[in-house]
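Undergrad: Below is the structure I would like to discuss, written out as structure tokens.
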Amino acid sequence: MAIEKELLDQLLAGRDPRDLFAKDGLLDDLKKALSERILKAELDEHLADEGADGNANRRNGHSKKTVLTGTSQMTLAIPRDRAGTFDPKLVAKYQRRFPDFDDKIISMYARGMTVREIRGHLEELYGIEVSPDLISAVTDAVLEEVAEWQNRPLDAVYPVVFFDAIRVKIRDEGFVRNKAVYIALGILPDGTKEVMGIWIEQTEGAKFWLRVMNELKNRGVGDVLIAVVDGLKGFPEAINAVFPQTVVQTCIVHLIRHSLEFVSWKDRKAVVPALRAIYRAMDAEAGLQALEAFEAGHWGQRYPAIAQSWRRNWQQVIPFFAFPEGVRRIIYTTNAIEALNSKLRRAVRTRGHFPNDDAAMKLLYLVLNHAAEEWKRPPREWFEAKTQFAIVFGERFVGR
């Protein structure tokens, strides 16, 4: 400890404490010194290997190279060899950025910051000037990772998969179009969550959904016990065409939200409890009776479109009533995907619109990956729900 204290005293001697962490302060000096020491050690090892192979090679001075790090811009003295065969690992021949610099840009981009905001952040905090093209090049490198992620193998069985969408403005053929981006969030048998994929809708209808379902099957999904969707036309048929045993359930949260679109603000607090009587009924028959009572009551008469909406979706609401309370809570408590969508919408809002599908996909992938890092445990309801899944679905759940 005495040696460490003496070394620190030497390093700090004559320095203003306020400048230690500033640009070109002590930490930047140490980073530069350490980097040059590593480069020198790399050349020593290279020359030793060359000598062992019988090649006559020796040092040939240094060259200057400016590189970007996560916190500063640094000019290094890069050692050279006479034969020109030395290619350092720390800073390769054509490398101008340390890996942590790229990671920092990607992290900021994943948090929804725009290119302009990233530039301003780097300049304000670290005094680093970077071009928009460099930031785009760094984030574009993620596209290969996106393609690999989108085609990765999936698990054989998912007890529940939520399919949801957000609307994104994307330039297409000279026009800014309002495209739907669909996300599949799967719950695995142990209760943990996984984003299975992202799809930007090119053509509407059953053909698109059939393609998505076939893609999931080709990536290894053998069975989905319950698919929770938001009432899109042609979606239930596409799911059952590929996964015939899957129970397709209309998302209750979406149905409630859609119902409230017909209701004035001052009436919403009163309408919600009236709707709760429908989806919390004991079984499908009691649920239908509650719907009929709502339809004939004050709020049903005042807002007839609500009951009509529930009746149109009733065939996809009915499966919900066959499950015990533990499973029901997993299905209609869609906090996981709602929280995910909130992060995505916040990131998308700062962009206005995207120049193409790839730009949208890149941002959404990074935001989803960043969000997934926070998923550490299954929902509280899962312990009860998995017992019910084992009873209701038998071998389809426990036999995998």
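The values are calculated or read from the model by the stated rules, or taken from the named source; none is laboratory data. From a predicted model like this one, the values you see are computed outputs, not experimental measurements. Neighbour counts are summed over all protein chains in view; Cβ atoms, including those assigned to glycine, are modelled from backbone coordinates with ideal geometry. Accessible surface areas use protein heavy atoms only, side chains included; no ligands, DNA or RNA. Shrake-Rupley method; radii C 1.70, N 1.55, O 1.52, S 1.80 Å.
Undergrad: Between Arg276 and Phe175, what is the label-point separation in nm under the 7 Å Cα-to-beta-carbon projection?
TA: Result: 4.5 nm between the two label points.
Undergrad: Contour minus end-to-end for Glu45 and Asn341, with contour as 0.36 nm per residue of separation and end-to-end as the Cα-Cα distance? Intermediate results must be reported in sequence, preceding the final value.
TA: Values: separation 296, 0.36 × 296 = 106.56 nm, distance 5.16 nm.
This chain segment gains 101.4 nm when fully extended.
Undergrad: Dipole magnitude of the range 237-283 about its Cα centre, charges +1 at Lys/Arg Cβ and -1 at Asp/Glu Cβ only, in debye to the nearest 20?
TA: With Lys and Arg at +1 and Asp and Glu at -1, about 340 debye.
Undergrad: Something else now. Keeping every protein chain in place, order Glu148, Glu325 by accessible area at 1.4 Å, biggest value first, i.e. largest first.
TA: Glu148, Glu325
Undergrad: In addition: Give the distance, in whole Å, between the Cα centre of the range 246-300 and the Cα centre of the range 350-383.
TA: 30 Å
Undergrad: Determine the alpha carbon to alpha carbon distance for each of Lys40/Lys64; Lys207/Lys343; Lys179/Lys266; Lys40/Lys93; Lys40/Lys65 and list only those over 21 Å.
TA: Working: Lys40/Lys64 14 Å; Lys207/Lys343 29 Å; Lys179/Lys266 32 Å; Lys40/Lys93 15 Å; Lys40/Lys65 15 Å.
Listed pairs above 21 Å: Lys207/Lys343; Lys179/Lys266.
Undergrad: Further question: Met196's amide H: which non-local residues (gap 5+, or another chain) put their own amide H closer than 5 Å, with H modeled 1.01 Å from N in plane and none for Pro or chain starts?
TA: Amide H neighbours of Met196: Ala184, Leu185, Gly186.
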